[in-house]
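Below: the structure, in structure tokens.
Throughout, read-outs are computed from the coordinates displayed, never taken from laboratory work. These numbers were taken from a predicted model, which means no experiment stands behind them. Ideal geometry is used to build each Cβ from the backbone, glycine not excepted, and the neighbour counts take in all protein chains shown.
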Amino acid sequence: MADELKPEEFSFSQTQEFNKTDGANTAISELSKKGYQYLKDNSTKEAIEAFNQILNIEENNNYALVGLGDSERKQCHFKEAIEYYSKCLSCHPGNNYALFGLADCYKAINQYKKAIEIWEQYLVHDDRNITVLTRVADAYRKIRDFKKSKNLYLKVLDMEENNAYALIGLGHLHYDFKEYKDALFYWTQMLEMNPSHVDIRVLTSIGNCHRKIKTFEKGLPYFEKALELDPNNFYALFGIADCYRGMNQQFRSIGYWNKILEIDPKNKVILTRTGDAYRNTGDYSTATEYYNRAMDIDFDIYAALGLALICKGEGKFEEAADRLNQLISGDPKNYRLYIDLADCHLKMNNKKEALETLHSFQKLGIKNQAINDFIDQIQEN
């Protein structure tokens, strides 16, 4: 049996070393707690000071390096955060906190493939981490890898039925790929899961699906519910206005377009939409005012088209044709411009010019059924 080490056999220097190490560990532990509490309280400057004090005690301490990375990430200083996380991983390979933070940084700067690579390193050690799985699924969605994204979201649902992040992610995934009915299925499931605590984003997302499949009457109540929860919500106001536009209730849409403009008076898209609504009610004077306001901010092809269509509506066919020709020179693949221009020529009893206009679009090599149908219609008459 080995001899027991007796207390008197410790040298004075060894005792000092043990005390010093113990004291350093205690200080690091206290500073680490302080640093993360500061981060939690959004006191980033104080957090950075605490983590730097740790590095003065122990160079390359993993808690301090991750803490500094978290502090920089919280301020959206992603380049600096990446440096701290990377340094931590070079000294402490496989540190999960550093891997997680590093991947989140790459995601934040839209480097999704790098983020996926790092998160997958994390999953090697913890392949059932739902938070990481949903992040990887979301990153695959961003790079439009439908199959991998969907499989990961479904894996999460197998592990945790009705997981909110997976349901929302699947909704976005199908929406991105224009599979609006499938998106509706997942978002409606999310809504039914907790109807007493409704997320406005889920309501507007369901409403947007109905807008896309042109079931405007069904989409309207979701936008209205969202507006009850947040009276200035842009997406709810836009959704209601656009539903009324789709239902050809232009007068009702105008009120909501103008409500958005009260909040954001220089939104040229909304100025143009409002101009369209007034034009469709026959109020050309007010429509012109809105289109010109949009054009004063920056050139907008739809506002310029609106002004051309007003000329056409007022019987100024030559001026309308001139405006449309200018728009075609700037946007030669826009088939709607050719149809409107051809219609102007027909209104001026110039069938030949109308057909030449439509044929000039066909010469671009772009197949378009609306153009073909209009040519057939002209030739039959």
Please report the relative contact order for the range 321-381, taking Cα pairs under 8 Å with a sequence separation of at least 6, and give it as a percent rounded to a whole number. 29
In Å, what Rg and Dmax follow from the Cα atoms of the range 30-109? 11.4, 33
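Using Cα pairs under 8 angstrom and six or more residues apart, how large is the relative contact order of the range 30-109, in percent?
Relative contact order comes out at 23 percent.
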If one takes the longest principal axis of the Cα atoms in the chain, at what angle in degrees, from 0 to 90 and to the nearest 10, does the Cα axis of helix 200-212 lie? 30
Per GNM of the chain with C-alpha springs under 10 angstrom, the most fluctuating residue out of V132, V66, V269 is V269
Report, as a whole number in µm² per second, the diffusion coefficient that Stokes-Einstein gives for the range 246-381 at 20 °C and 1.002 mPa s using the Kirkwood radius over alpha carbon pairs. 135
Among F374, L309, Y235, whose Cα lies farthest out toward the positive end of the dipole of the chain, if unit charges sit on the beta carbon of Lys, Arg (+1) and Asp, Glu (-1)? F374
Given unit charges at Cβ for Lys, Arg (+) and Asp, Glu (-), the dipole magnitude of the chain about its Cα centre in debye, nearest 20, is 1540
By how many degrees, 0 to 90 and rounded to 10, does the Cα axis of helix 369-380 deviate from the longest principal axis of the chain? 0
For the range 321-381, radius of gyration divided by Kirkwood radius, i.e. Rg to Rh on alpha-carbons: 0.93
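Please report Rg over Rh for the chain, where both radii come from the alpha carbon positions and Rh follows the Kirkwood definition.
Radius of gyration over Kirkwood radius for the chain works out to 1.18.
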Debye, to nearest 20: dipole size of the range 321-381, +1 on Lys, Arg Cβ, -1 on Asp, Glu Cβ: 140
Farthest towards the positive end of the dipole of the range 30-109, among L89, F78, I57 and with Cβ unit charges of +1 on Lys and Arg and -1 on Asp and Glu, lies the Cα of F78
Using the alpha-carbon centroid of each, what span in Å lies between the range 278-327 and the range 128-164? 47
Ranked by Cβ crowding within 10 angstrom, fewest neighbours first, how are R252, R293, R245 ordered? R252, R293, R245
Is the shape of the range 161-215 best called rounded, prolate or oblate, per the rule: a/c under 1.5 gives rounded, else a/b larger than b/c gives prolate, else oblate, with a ≥ b ≥ c the square roots of the Cα gyration tensor eigenvalues? oblate
Karplus-derived 3J(HN,Hα) from phi for the range 328-336 (6.51 cos²θ - 1.76 cosθ + 1.60, θ = phi - 60°), whole Hz, x at Gly and Pro, runs 5, 5, x, 9, x, 9, 8, 5, 4
Viscosity 1.002 mPa s, temperature 20 °C: what is the translational diffusion coefficient of the range 173-270 from Stokes-Einstein with a Kirkwood Rh over Cα pairs, rounded to a whole number of µm²/s? 157
What longest range of the chain stays clear of loop-exposed GluC sites (Glu not before Pro) (DSSP non-H/G/I/E/B, at most 16 other C-beta within 10 angstrom)? 180-313
